[in-house]
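Below: one structure, written as structure tokens.
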Ligand code: ADP
Ligand code: MG
């Protein structure tokens with residue numbers, strides 16, 4: 001029995017999904033798989049888990065699991081449901097990549113889709129899962145313990161929420177769950193699967209016979225949505241949509257009746273810039289006190305790190321030591337993985353920073369006079385924002401002010417902000433694009449899909465009739481694509497392929513993906529994994545034929561199995577597997593952790609609101625450049641380039657106790673540094689499992705590597721990034737000025753450049769390897785290190 005407060009009960013009754021409780025619960029009772037569709041805000045996420053709980057779908061040893069593609073949503077929703085049910089977070093809990101509050105008492109568990117995938121992958125005995133479930137059965141009997149997790153026996157119900165987002169992990173989970181549900185039915189331990197989606201395009205799920213042989217029933221929740229009047233701009237502004245947003249919000253705030261405003265922009269920097277501008281134009285009495293910069297570095301820690309490095313440099317170094325590329329750690333046969341993590345990272349905010357960005361001018365205040373008579377309560381919302389700041393948007397604004405939330409597309413479907421009457425939609429979204437062949441990625445701001453634009457408009461009609469202002473013309477809207485394409489068709493898949501191979505799904509091409517990745521992407525992934533030694537290479541004569549026939553069925557190697565246990569991309573896993581030699585492990589772990597967590601350094605290339613801020617930003621940029629040079633060092637260590645900077649930054653930061661002050665003083669993102677620390681811990685555990693004799697522990701006073709270790713590290717890095725090789729163009733190529741200071745890579749015809757933020761920007765070594773190429777104004781290599789080609 002749930003003991004809700006009368007107020008809460010009152011509020012719930014307003015939600016349209018309450019009218020469907022019986023229909024949903026009957027469908028769940030009769031069918032193993034049910035799809036629930038309903039407008040954002042209709043109550044799916046908060047109510048359906050409660051229906052199931054009240055109907056007895058959870059017990060001490062079998063609980064309700066809910067997956068979300070975003071960490072923000074997993075946390076916020078578990079808190080909300082606990083509050084609605086008047087239960088503690090010990091009972092309604094969450095688990096995200098590195099943290100959670102799950103207990104023995106937990107009955108409803110919100111988690112990211114990556115966390116559930118990890119739980120499934122904890123076992124590696126799934127031979128034939130996809131091809132032949134009968135064989136799994138007998139296998140299962142033999143290795144009862146190991147299969148326990150695979151069958152997800154600790155769940156009575158799994159809810160895949162926000163399935164319309166089509167995140168890669170959601171898609172893979174659906175493929176796996178379709179089989180797990182069948183196996184559980186066979187074993188008479190039925191597992192219920194609920195798929196919840198905000199849009200009505202569910203044909204990818206219902207019409208896909210390979211995924212679900214019997215199409216699951218679809219329950220549509222009629223939303224009690226109020227009408228939203230959509231206003232198109234007559235003309236579409238060419239590029240200054242931020243300025244257009246600003247003008248539109250000013251107008252609404254000055255002329256239109258009470259009601260919250262929600263603005264959709266594309267990225268964190270834009271969100272902040274608009275917030276600042278709006279706060280200035282409509283100050284509230286308690287305008288946020290500017291956080292005073294604590295420039296008091298913990299320079300002490302840094303000095304010590306530098307000093308000990310000097311000492312290490314003096315240590316004897318061998319000449320050109322060689323790492324043994326065939327000496328890697330592998331798991332003893334039959335060991336399961338302990339600490340796997342795979343998770344969709346909200347990457348929309350991890351911008352490739354572009355030094356060519358114009359500074360300052362977009363902030364011109366156009367003679368706006370601050371107007372304190374019309375206070376506006378302006379709040380930012382984006383995925384990297386600290387959770388307590390995110391929670392602000394759910395609170396009513398201070399008396400006498402109007403709420404204005406400036407958000408990225410996190411506000412499109414995952415979170416419903418109360419009291420919004422006006423939506424201002426710039427019509428754009430920032431997405432990471434990958435080139436399928438070269439892997440070059442770029443962040444592009446593009447038009448959203450029609451489905452997304454309608455979602456955004458819908459945010460205005462939750463509590464009363466509303467208005468949506470689209471800052472583009474109806475003709476432009478007509479050209480938008482109807483739906484956004486699923487993520488799995490848009491990104492490299494080597495990590496997924498390795499994980500699937502580790503699950504003994506050899507013929508990946510036969511996997512019941514809701515939407516399969518392209519054959520080119522599968523081939524590229526398999527080729528890379530073969531090159532890394534994770535998959536067995538087919539015999540030479542077979543090879544061409546095989547790949548052409550898209551058989552894609554190379555089995556996993558012992559090295560590949562080990563690599564799959566490390567919670568990082570295959571390239572980085574290879575580096576870890578090689579690093580037990582010459583005591584390189586702690587360094588590789590630190591570098592890999594830093595490479596995996598995007599954007600260590602604060603974004604300092606943002607536009608400044610004032611002369612004062614510009615000067616301050618300049619100062620901080622100079623400081624960061626200085627620190628990078630210090631961390632990179634000279635001679636042998638500088639050859640490791642940006643990767644040495646990462647190692648130095650992690651080392652110095654840990655030395656200083658990883659304090660917010662230290663990070664701020666050195667331009668490091670505190671949140672990123674904490675995440676690196678967690679990931680280092682996790683990698684250390686994973687490595688110890690594979691290679692217990694290493695006896696690794698996280699040393700906060702890690703000594704810098706010796707000169708010969710730096711040389712080994714460069715070879716280890718090259719083993720993972722070997723195909724990311726670039727050569728400085730030779731002088732005869734310099735005829736065309738566009739090749740000045742350029743590099744040539746095997747796959748690209750166009751010149752690539754070392755990114756200006758790299759410590760090797762001025763060094764221009766002959767051969768380099770890079771972590772990634774990001775295309776902004778040019779193609780830039782980031783995470784650059786030198787290699788010697790003999
Ligand atoms: P759906 O999943 O269908 O999009 P939700 O279950 O997330 O809908 O939301 C249902 C309602 O609960 C919405 O009206 C929303 O405003 C409200 N709500 C959700 N989270 C909170 C919260 N943390 N504080 C206040 N109201 C919330
Ligand atoms: Mg929801």
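Please go through the stretch 737-756 and pick out each residue that is closer than 25 Å to residue 628 by Cα and either touching a helix residue (DSSP H, G or I) at 6+ places or on another chain (Cβ under 7 Å) or surrounded by fewer than 16 Cβ atoms within 10 Å (Cβ to Cβ) (or both). Write out each step before concluding.
If we filter the stretch 737-756 for residues that are closer than 25 Å to residue 628 by Cα, which is where we start, we get 740-743, 752-756.
Answer for the stretch 737-756, where residues must be closer than 25 Å to residue 628 by Cα and either touching a helix residue (DSSP H, G or I) at 6+ places or on another chain (Cβ under 7 Å) or surrounded by fewer than 16 Cβ atoms within 10 Å (Cβ to Cβ) (or both): 740, 741, 756.
Whether any residue in the stretch 411-428 is part of a strand (DSSP E or B) and surrounded by fewer than 20 Cβ atoms within 10 Å (Cβ to Cβ) is what I want to check.
Start the filter on the stretch 411-428 by keeping residues that are part of a strand (DSSP E or B), which leaves 420-425, 428.
Remaining after also requiring surrounded by fewer than 20 Cβ atoms within 10 Å (Cβ to Cβ): none.
Within the stretch 411-428, none of the residues are part of a strand (DSSP E or B) and surrounded by fewer than 20 Cβ atoms within 10 Å (Cβ to Cβ).
To keep it simple, each residue is scored yes or no on (1) more than 30 Å from residue 43 (Cα to Cα); (2) within 16 Å of ligand 1 (Cβ to nearest atom).
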{"position": "428", "(1), (2)": "no, no"}
{"position": "431", "(1), (2)": "no, no"}
{"position": "452", "(1), (2)": "no, yes"}
{"position": "462", "(1), (2)": "no, yes"}
{"position": "472", "(1), (2)": "yes, no"}
{"position": "493", "(1), (2)": "yes, no"}
{"position": "506", "(1), (2)": "yes, no"}
| query | Within the stretch 59-76, is there a residue that is more than 16 Å from ligand 1 (Cβ to nearest atom), under 13 Å from residue 159 (Cα atoms) and in a helix (DSSP H, G or I)? | reply | no
| task | Identify all residues within the stretch 453-472 that are outside any strand (DSSP E or B) and under 17 Å from residue 245 (Cβ atoms); write none if there are none. | result | 453, 456, 457, 459, 460, 471, 472
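Is it the case, given these coordinates, that residue 171 is within 22 Å of residue 496 (Cβ to Cβ), in contact with a helix residue (DSSP H, G or I) (Cβ under 9 Å, 6 or more places away or on another chain) and within 16 Å of ligand 1 (Cβ to nearest atom)? So that I can check it myself, show each step before the final result.
On the way: within 22 Å of residue 496 (Cβ to Cβ): yes; in contact with a helix residue (DSSP H, G or I) (Cβ under 9 Å, 6 or more places away or on another chain): yes; within 16 Å of ligand 1 (Cβ to nearest atom): no.
So residue 171 does not fit the description; no.
Would you check which residues across the stretch 413-426 are within 15 Å of ligand 1 (Cβ to nearest atom) and farther than 20 Å from residue 162 by Cβ and list them? Write out each step before concluding.
Step one: filter the stretch 413-426 for residues within 15 Å of ligand 1 (Cβ to nearest atom), giving 413-421, 423.
Within the stretch 413-426, 419, 421 qualify.
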| request: List the strands (runs of 3 or more DSSP E) that sit entirely inside the stretch 170-233 and contain at least 2 residues that are within 16 Å of ligand 2 (Cβ to nearest atom). | output: 192-197, 218-221
| said: Can you pull out every residue in the stretch 26-58 that is part of a helix (DSSP H, G or I), within 10 Å of ligand 2 (Cβ to nearest atom) and in contact with a strand residue (DSSP E or B) (Cβ under 9 Å, 6 or more places away or on another chain)? | reply: 44, 45, 48
| request: List the number of the failed condition for residue 23; all other conditions in (1) under 25 Å from residue 215 (Cα atoms); (2) within 12 Å of ligand 2 (Cβ to nearest atom); (3) assigned to a helix (DSSP H, G or I); (4) touching a strand residue (DSSP E or B) at 6+ places or on another chain (Cβ under 7 Å) hold. | output: (2)
| said: Whether any residue in the stretch 63-81 is away from ligand 2 (no atom under 16 Å from the Cβ) and more than 24 Å from residue 172 (Cβ to Cβ) is what I want to check. | reply: no
| query | Is the stretch 221-237 home to any residue that is within 16 Å of ligand 1 (Cβ to nearest atom), at pLDDT 90 or above and over 19 Å from residue 405 (Cβ atoms)? | reply | yes
| Failed criterion for residue 95 (all others in (1) at pLDDT 95 or above; (2) away from ligand 2 (no atom under 15 Å from the Cβ) hold) | (1)
| task | Inspect all residues belonging to the stretch 100-109 and state whether any of them is within 22 Å of residue 415 (Cβ to Cβ), in contact (Cβ under 8 Å) with a residue 12 or more places away in the chain, part of a helix (DSSP H, G or I) and within 16 Å of ligand 2 (Cβ to nearest atom). | result | no
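The values are calculated or read from the model by the stated rules, or taken from the named source; none is laboratory data. The structure presented is a predicted model; accordingly, all values stated were derived computationally and were not measured. Cβ sites come from the backbone with ideal geometry, for glycine too, and all protein chains shown count toward neighbours.
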